[in-house]
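Here is the structure we will look at, set down as structure tokens.
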Amino acid sequence: MWVVDTCVVIDVLEDDPDFGQGSARLLQRLLRNGLTICPVTFVELAPAFEGDLVEQKRFLDLAGISWQEPWSLAATEAAHGAWSRYVMARRREQVAKRPVADLLIGGFAGGYQGLVTRNPDDFRRWFPKLKIRVP
């Protein structure tokens, strides 16, 4: 099962003129392996659906993207390590500012086949073993 990053879901939802078709095609190819989102992505998507929980769930179901996968201790521990490494690098001014959400999503994706994202560089340094697919 592949974890789909928030930006890729939004690409498809909004039929983004630059990324919508490529994101949709990659998700279609990966659908047979299973698709899911991290609980953090589920929360991040709320504004895209204007807080309409029913509509958000309906869209994800129609897209074949699971949204009910549980958070695990392994995901917490992976994100914990990545966040610690990130903060240490940030204190040394070696990296740009990063939202903690990306590290939570990366930690979650480590328990699955990999991550589908348009932002691979946001994850590779912190999760070097994570398999990443880019639309």
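Each reported figure results from applying straightforward, stated rules to the coordinates on display, with no laboratory input. Computed from a predicted structure; not experimentally measured. Every residue, glycine among them, receives a Cβ derived from its backbone with ideal geometry; neighbour counts consider all protein chains shown.
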Matching helices (runs of 4 or more DSSP H) fully within the stretch 1-89 where at least 1 residues are touching a residue at least 60 places away in the same chain (Cβ under 8 Å) and among the charged types (D, E, K, R):
6-13, 20-30
Might you let me know whether the stretch 121-134 holds any residue that is in a loop (DSSP other than H, G, I, E, B), more than 13 Å from T6 (Cβ to Cβ) and in contact with a Lys or Arg (Cβ under 7 Å, 6 or more places away or on another chain)?
yes
Is one or more of the residues making up the stretch 11-22 closer than 19 Å to V134 by Cα and among the aliphatic types (A, V, I, L, M)?
yes
With (1) at negative phi; (2) under 15 Å from the mean Cα position of the chain (by Cα) as the list, and G114 as the residue in question, which single condition is left unmet?
(1)
